[in-house]
Amino acid sequence: MRVRIKKFIDYLYDWREDVQERLFMLLTVIALSGMVFAMISGLFIGENASSLLYTLIAFLVFAVITYLGYRYHRIRLVANILAVLLVFGFFPLVFFTSGGIYGGSPIWFMFSVLFVGMILRGKLRIIFLASEFVIAAACYYIQYIHPEYVIPHNMNEFYMDSYGTFVIVSLLCTLLINFQTYVYRKENEMAKAQKEEIDQLSKAQNRFFSSMSHEIRTPINTIIGLNEMIMREEISDEVAEDARNIQAASRLLVNLINDILDMSRIQSGQMKLTLAPYSPAELIYEVVSMMQVRADEKGLQFDVVAYPDIPQELYGDEVRIKQILINVLNNAIKYTEEGQVTISARCERRGDDAFIIYSVSDTGIGIKKESIPHLFTAFRRVDEERNKYIEGAGLGLSIVKELVDLMGGSIKVNSLYNKGSTFIIEIPQKIVNDADMGELDVKKLRSSSGSAAYHQSFEAPEANVLVVDDTPTNLLVVSKLLRDTKVRLDTAGSGAEALQKTLDKEYHVIFMDHLMPAMDGIECMHKIRTQTGGLCRESKIVALTANAGREDRARYEREGFDGYMMKPVKGETLENELRRLLPKKLITMEKEEVRPLDETVSWIQTESNKRPVVISSSSVLDIPKEFVDKYHIEVIPAVIETENGCFRDAIDIDTGALMSYMEDNGREAKIRKISTEEFESFFGDVLENAENVIHISVSSRITDTSYLAAVDAKKTYDNVTVVDTLQISTGLGMMVLEAGRLADEGKSVREITERLDEMKDEIKTTFIADKLDNLTKGRQVWRGLILFTSAFMIRPVLVLKNGRMTIKKVHFGARERAWKRYISETLTRPDTIDKSRIFVTHVGLSQKDLDFIRSEIEKKVSFEKIYFEQAAAGIAVNVGTGTFGMFFRRKG
């Protein structure tokens with residue numbers, strides 16, 4: 001027995017078990033104890049036998065059920081069963097056998113509420129609590145109306161029962177709350193301990209990555225440096241090719257180390273931006289020059305599109321923006337086997353900020369729709385089976401996403417599997433110099449295919465330079481890289497040796513390693529600055545180290561270093577830093593100072609073939625073709641299904657041919673929904689000439705709409721927006737016109753969609769039909785109306801309300817009479833109508849009919865322009881011959 005009790009106590013304090021289940025077990029044991037005390041106190045106060053019997057039965061039932069639930073691990077089921085027995089059985093019985101409200105029952109009802117509230121979950125808890133209140137109210141009401149149903153207590157029993165129940169329930173609640181407080185306190189302590197452990201692990205991970213980065217950079221510095229010296233020599237083509245491969249592989253390893261280190265900083269929240277003014281033109285030059293060689297290696301065409309209206313100088317983190325673009329471009333080249341990779345840059349000004357929009361497109365393998373949500377997940381590569389032979393650790397894009405988010409920007413991806421991908425990166429930047437960047441100068445970019453002959457940028461034979469590093473190969477690399485500058489270079493293998501040399505000789509520039517035994521670089525630098533009798537107290541000292549963190553750069557700046565260079569270091573970078581720090585009088589320039597670039601682009605365009613925003617819609621937009629052409633509207637044709645096959649609206653079949661076909665022997669036709677796959681292909685084609693697409697859709701609330709398919713297809717593309725116009729026919733077309741006009745003015749996607757939302761209430765869409773046959777076949781209105789309207793020569797007026805077609809009213813009699821009344825009633829309140837234009841869309845009307853309609857319209861409102869348009873086949877199939885509608889805008 002003692003063992004079982006101990007086991008039960010251990011269970012109550014076992015943090016691995018569910019807290020609510022442990023509370024239930026404790027609460028049940030406490031409740032059973034309360035029943036025992038209630039029976040004992042009942043015996044003392046002379047409680048009636050039936051009440052004591054019910055309590056005893058309840059005790060036995062509850063004890064057995066609880067034991068079975070504990071033993072067979074069905075605590076949740078047992079909790080629900082006991083809640084049912086308590087709420088619907090035990091407490092109502094106790095109420096009627098123990099004096100009702102003149103006893104301890106009200107307090108037991110309160111305990112029941114506590115039990116249910118703490119043990120049950122979700123909707124079940126709400127149901128039982130509501131039931132408890134209803135049952136309690138019912139008990140009170142019954143006792144009030146029929147007090148004879150309750151076994152009464154005398155005054156002595158009432159006081160004793162009420163007080164005894166109060167004491168028992170109070171003790172039970174106190175024990176329960178204390179236990180719950182203890183459990184939550186322990187849980188909180190454990191959570192804090194786990195958080196501290198996680199923080200320690202994170203710090204240990206960061207230390208490991210930082211140490212790994214430092215240790216790997218040291219030998220890589222030697223490999224890259226000495227390999228560069230080989231490439232400077234007169235060597236055979238075969239050796240030159242091997243050297244270039246070594247260089248590329250080494251750089252790839254350095255980039256991988258940087259990615260791992262950056263991801264470590266991001267995950268620990270230590271990634272910070274370093275903001276400074278920069279030139280976007282120079283940034284584009286550098287990124288392009290770095291990536292051209294990789295594109296050339298794979299035989300890919302590499303195109304650059306740069307809009308000249310980008311501000312000349314911006315304020316942001318240039319280094320991180322380069323990292324973003326290089327990672328995305330590297331990805332594009334990696335997954336493209338043939339074709340081209342294109343990078344474009346343009347600017348949208350919003351207030352005082354410039355939103356720089358970079359777009360990277362490729363003709364590679366593309367990304368499956370289901371893989372896109374996982375694209376920016378660290379250490380995860382999508383389509384692993386297909387890409388298993390392609391290098392990469394799955395870090396590049398996840399770092400890109402984190403950096404873009406850190407800058408307050410956004411990144412979107414559009415991709416069609418096996419066709420290619422487009423990444424669109426939008427980064428807000430402050431404007432420093434608002435003058436236009438202008439066209440990029442192609443002559444500034446020079447091709448250097450193969451191994452271009454090296455030539456030092458300057459000579460300084462009178463300059464004294466000291467290099468301090470505890471690794472002999474690092475000293476060798478720097479000495480060789482600076483050999484052709486003819487500087488007088490000394491080396492020191494430790495801080496102590498460096499102090500000895502600075503005591504005897506004046507050095508203009510000192511390159512100092514950081515992590516060295518006995519005396520590190522920071523300590524050595526401070527001793528040089530304060531060295532009594534030293535000759536280098538004013539010398540320029542540069543930290544040349546394998547420590548690659550931003551916090552390291554900041555630390556060296558705080559400590560007083562004059563510069564910071566990260567290993568592995570390129571000869572060109574080393575020369576540029578040395579030239580910056582040496583006194584100008586010691587330097588002799590060997591060549592014109594031009595921007596050094598490794599590679600060039602195939603060509604640079606300052607104007608893109610892609611439009612910033614393109615508007616698309618369905619062929620049922622019913623506006624004159626001149627507007628479609630003027631605003632470059634892209635149209636996906638509706639598909640008409642007939643007994644003879646499927647036909648594309650306005651391509652394979654026109655309205656006249658369709659109406660003739662349907663009127664011949666009563667043949668039927670209907671619109672087929674455009675599929676998701678068809679929309680995906682359509683959007684993909686449009687995006688070849690567009691940065692963004694706004695697809696303006698037919699109302700989502702009419703029958704057989706393709707709106708949902710368009711929305712589903714949009715998931716493949718981050719820069720496609722689908723707008724539900726709640727319109728059809730020319731009502732849809734008028735919104736397309738407005739969107740096209742705004743896009744032509746250079747408005748953004750956000751500005752256009754906001755205007756379209758405003759227009760939904762401005763456009764009035766109405767039709768008057770000769771008959772309802774086609775509308776009922778298309779399930780736009782109820783079929784039972786056909787006989788009624790035909791028998792009484794009823795010509796219904798249909799109005800689009802909240803995106804649905806409804807019959808507003810009907811006109812009786814001859815066609816022209818009905819038309820006249822329709823026009824008059826529709827064009828009410830002329831002062832509120834936009835009189836610039838009205839569209840009349842019709843099906844199968846003669847020129848005489850159209851002249852009559854024009855005459856009636858002009859009698860009511862003097863529009864500047866009245867456009868008559870034959871409805872598209874996709875509209876005509878639903879409304880039928882003899883129908884026309886008027887479309888215009890009401891002023892706000």
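Filtering the stretch 461-475 for residues that are among the small types (G, A, S), out of contact with any Ser or Thr (no Cβ under 9 Å at 6 or more places or on another chain), open to solvent by less than 40 Å² (accessible area, probe 1.4 Å) and modelled with pLDDT of 90 or more leaves an empty set.
Can you pull out the residues in the stretch 453-484 that are of a type outside the set (V, I, T), farther than 20 Å from E538 by Cα and part of a loop (DSSP other than H, G, I, E, B)? Result: A453, Y454, H455, Q456, S457, P461, D469, D470, L482.
Note on the stretch 295-340: among residues that are β-branched (V, I, T) and more than 21 Å from L256 (Cβ to Cβ), the one that is modelled with the highest pLDDT is I310. Candidates T832, T828, T883: the one that is of a type in the set (S, T, N, Q) and without any contact (Cβ under 8 Å) to a residue 12 or more places away in the chain is T828. The listed residues are S162, S112, and the only one of them that is within 57 Å of the chain's Cα centre (by Cα), buried (at least 16 other Cβ atoms within 10 Å of the Cβ) and part of a helix (DSSP H, G or I) turns out to be S112. Looking only at residues in the stretch 612-653 that are of a type in the set (V, I, T) and assigned to a helix (DSSP H, G or I), the one that is nearest to D744 (Cα to Cα) is V628. Restricting L68, L124, L93 to residues that are more than 22 Å from T165 (Cβ to Cβ), in contact (Cβ under 8 Å) with a residue 12 or more places away in the chain, part of a helix (DSSP H, G or I) and open to solvent by 60 Å² or more (accessible area, probe 1.4 Å) narrows the list to L124. Scanning the stretch 311-344 for residues being buried (at least 23 other Cβ atoms within 10 Å of the Cβ) and touching a Pro at 6+ places or on another chain (Cβ under 7 Å) gives a total of 1. Within the stretch 583-618, restricting attention to residues that are at pLDDT 80 or above and over 28 Å from G571 (Cα atoms), the residue that is surrounded by the most Cβ atoms within 10 Å (Cβ to Cβ) is I615.
For the criterion of being within 25 Å of V723 (Cα to Cα) and not aromatic (F, W, Y), V843 fails.
Within the stretch 393-401, the presence of a residue that is at pLDDT 70 or above, within 23 Å of the chain's Cα centre (by Cα), in a helix (DSSP H, G or I) and surrounded by fewer than 16 Cβ atoms within 10 Å (Cβ to Cβ) is excluded.
The criterion of at least 2 residues that are modelled with pLDDT of 90 or more and surrounded by 13 or more Cβ atoms within 10 Å (Cβ to Cβ) is met by the following strands (runs of 3 or more DSSP E) wholly inside the stretch 791-856: 838-843. Note on the stretch 561-576: residues that are at pLDDT below 90 and open to solvent by 20 Å² or more (accessible area, probe 1.4 Å) amount to 6.
With respect to (1) open to solvent by less than 40 Å² (accessible area, probe 1.4 Å); (2) on the phi < 0 side of the Ramachandran plot, the lone exception for E297 is condition (1). Only one entry of I694, I728 meets the criterion of being more than 27 Å from Y307 (Cα to Cα), open to solvent by less than 30 Å² (accessible area, probe 1.4 Å) and of a type in the set (V, I, T), and that entry is I728. Condition check for P308 on (1) in a loop (DSSP other than H, G, I, E, B); (2) free of Cβ contacts under 8 Å to residues at least 40 places away in the same chain: one failure, at (2). For the stretch 861-892, which positions are open to solvent by 10 Å² or more (accessible area, probe 1.4 Å), modelled with pLDDT under 90 and not in a loop (DSSP other than H, G, I, E, B)? Matches in the stretch 861-892: E869, Q870, I875, N878, V879, R889, R890. The residues of the stretch 502-521 that are surrounded by fewer than 20 Cβ atoms within 10 Å (Cβ to Cβ) and over 16 Å from L586 (Cβ atoms), listed by number, are L503, D504, L515, P517, A518, M519, D520.
For the stretch 798-816, which positions are among the aliphatic types (A, V, I, L, M) and farther than 23 Å from G731 by Cα? Across the stretch 798-816, the qualifying residue is only A814. State all residues of the stretch 640-685 that are open to solvent by 10 Å² or more (accessible area, probe 1.4 Å), of a type in the set (V, I, T) and either touching a Leu at 6+ places or on another chain (Cβ under 6 Å) or at pLDDT 75 or above (or both); if no residue qualifies, say none. Passing the criteria: T642, I671, I674, T676.
Every listed requirement among (1) free of Cβ contacts under 8 Å to residues at least 40 places away in the same chain; (2) more than 14 Å from V614 (Cα to Cα); (3) part of a helix (DSSP H, G or I) is met by G733 save one, (1).
The set of residues from the stretch 744-770 being at pLDDT below 90 and open to solvent by less than 20 Å² (accessible area, probe 1.4 Å) comprises S748, M759, I763, T765, T766, F767, I768, A769.
Residue by residue, here is whether (1) touching a strand residue (DSSP E or B) at 6+ places or on another chain (Cβ under 7 Å); (2) outside any helix (DSSP H, G or I); (3) open to solvent by 70 Å² or more (accessible area, probe 1.4 Å); (4) modelled with pLDDT under 75 holds:
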| position | (1), (2), (3), (4) |
| --- | --- |
| S213 | no, no, no, yes |
| I235 | no, yes, no, no |
| V239 | no, no, no, no |
| Q247 | no, no, no, yes |
| L261 | no, no, no, yes |
| R265 | no, no, no, yes |
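Quick check: is even one residue across the stretch 303-322 in contact with a helix residue (DSSP H, G or I) (Cβ under 7 Å, 6 or more places away or on another chain) and aromatic (F, W, Y)? No, the conditions are met nowhere in the stretch 303-322. Listed by first and then second residue, the pairs with beta-carbon distance under 6 Å, at least 6 apart or on different chains, first residue in the stretch 231-247 and closer than 20 Å to L481 by Cβ, second open to solvent by less than 60 Å² (accessible area, probe 1.4 Å) and modelled with pLDDT under 75, are M231/S451; A240/S451. Please work out which residue is surrounded by the most Cβ atoms within 10 Å (Cβ to Cβ), limiting yourself to the stretch 523-552 and to residues that are under 21 Å from G495 (Cβ atoms) and of a type in the set (D, E, K, R). Applying the filter and picking the extreme gives K540.
Considering the stretch 670-701 alone, what residues qualify as being over 25 Å from the mean Cα position of the chain (by Cα) and part of a strand (DSSP E or B)? Scanning the stretch 670-701 gives K670, I671, R672.
The values are calculated or read from the model by the stated rules, or taken from the named source; none is laboratory data. From a predicted model like this one, the values you see are computed outputs, not experimental measurements. Methodologically, a virtual Cβ is constructed for each residue, glycine included, from the backbone with ideal geometry; neighbour enumeration extends over all protein chains shown. Ligands, DNA and RNA are excluded from the accessible area calculation, which covers all protein heavy atoms including side chains. Shrake-Rupley method; radii C 1.70, N 1.55, O 1.52, S 1.80 Å.
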